[in-house]
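The values are calculated or read from the model by the stated rules, or taken from the named source; none is laboratory data. If you're wondering where the values come from, they're calculated on a predicted model, not measured in any experiment. We place every Cβ from the backbone using ideal geometry, glycine too, and count neighbours over all the protein chains shown. We work out accessible area using only protein heavy atoms, side chains counted, and drop any ligands, DNA or RNA first. Shrake-Rupley method; radii C 1.70, N 1.55, O 1.52, S 1.80 Å.
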Amino acid sequence: MAICSGTLVVQGRKLGHLYVAQDITSDRLKLNSMVGSLLIATILAIALITVAIALYVRRSLEPVRQISQHAGAISAADLGKARVQLDCAPSEVRELARTLDIMLSRLSESWEQQRQFVSNVSHELRTPLTIVAGYVQSTLRRGANLTEPQREALATAAGEADRTIQLLQDLLELARADSGHIHFQLEVVMLNDLLSEVVGMARQYSNRQIILSADKGSHEVVADCNRLKQVLLNLIDNAVKYSDPDKPVTVKLDRQGSQVLIAVCDTGCGIPLPDQTRIFERFYRVDETRARATGGTGLGLSIVKTLVEGMGGRVTVLSKLGKGSTFTVWLPAQSAP
Ligand code: ADP
């Protein structure tokens, strides 16, 4: 209700007060509804603009996300083939992708050169060192007139030469695997027979009690027979090296679902938990002084991992400090259970 008032004067005489009133309820309602509509329209507009901006930003950042995804998936193994591919992107982002591609190909080249260098050096050093080791050993064998200190010195030289030849051999093997030049002669392998043979060989050279425990079934996998022997001998050798001479080493053959597993178990010194994920790295050793005394190269487990993965399997470790370790090789079974 709107009211206006004033004094009512007629012919100079004040008669009283005059009040005029008008009903403005409908105008007020209209105004309120207009303000309400304007508010809703403003909120809707803000929401729409926000969604549009979010979509635009998302679309603009999509190529950057793609680059980050590509970069995250690149490993040393596929550095040579890795390229950042973008479907459609603003020119600045395409420029970034091109720069990344150039950087990747430079990285790949220097990685290849480094691999080639390791391979060449290993190859060049192995031959003369083998000759040196041969001469030292034949001098030791034929040296009837050698004094005891001379004999000891030659024996140390022969041992170190053998260790270095093994190290060069391992480096060559890994360099071949890195450059994809390692070939697997895959065939169906009867694991029961292979394990009997490997355990027999290990018993002979280690002079240790090695127990073979296999369930009744016969287990077949597709693998490279010689490479698999190399893997198992390596694991048994470690189990022998890192456990007491009077404790047995057990080799188990079993099946779990579609996988056949070969476990090499020892009750030796075990591996601390933080080291368990790192022992498959090249040259990683848990305890340098202990490892040096055992004469290893620190490359054995990385070769095991490379070979097993090359045959489509995987290798795992379960270990408790002071209780022992179990290294398990998992391979896809050839036949249904
Ligand atoms: P190495 O030639 O030194 O044995 P490996 O690559 O075979 O090199 O093993 C890496 C390290 O893992 C070893 O130095 C050792 O510390 C640890 N390791 C491997 N196998 C065992 C095991 N069965 N028990 C305890 N430690 C082990």
Here are the criteria: (1) away from the ligand (no atom under 16 Å from the Cβ); (2) in contact with a Gly (Cβ under 7 Å, 6 or more places away or on another chain). Tell me which single one Gly268 does not satisfy. (1)
Kindly evaluate Asp246 against the criterion of being outside any strand (DSSP E or B), modelled with pLDDT under 95 and open to solvent by less than 40 Å² (accessible area, probe 1.4 Å). no
Can you spot a residue in segment 266-278 that is in the same structural domain as Ser196 (by TED's automatic domain parsing), of a type outside the set (A, V, I, L, M), on the phi > 0 side of the Ramachandran plot and touching a Pro at 6+ places or on another chain (Cβ under 8 Å)? no
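Open to solvent by less than 50 Å² (accessible area, probe 1.4 Å) and over 24 Å from Asp266 (Cβ atoms), is that true of Asp170?
No: the conditions fail for Asp170.
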Residue satisfying all of: in segment 301-327; aliphatic (A, V, I, L, M) and assigned to a strand (DSSP E or B); most open to solvent (accessible area, probe 1.4 Å) among these: Leu318
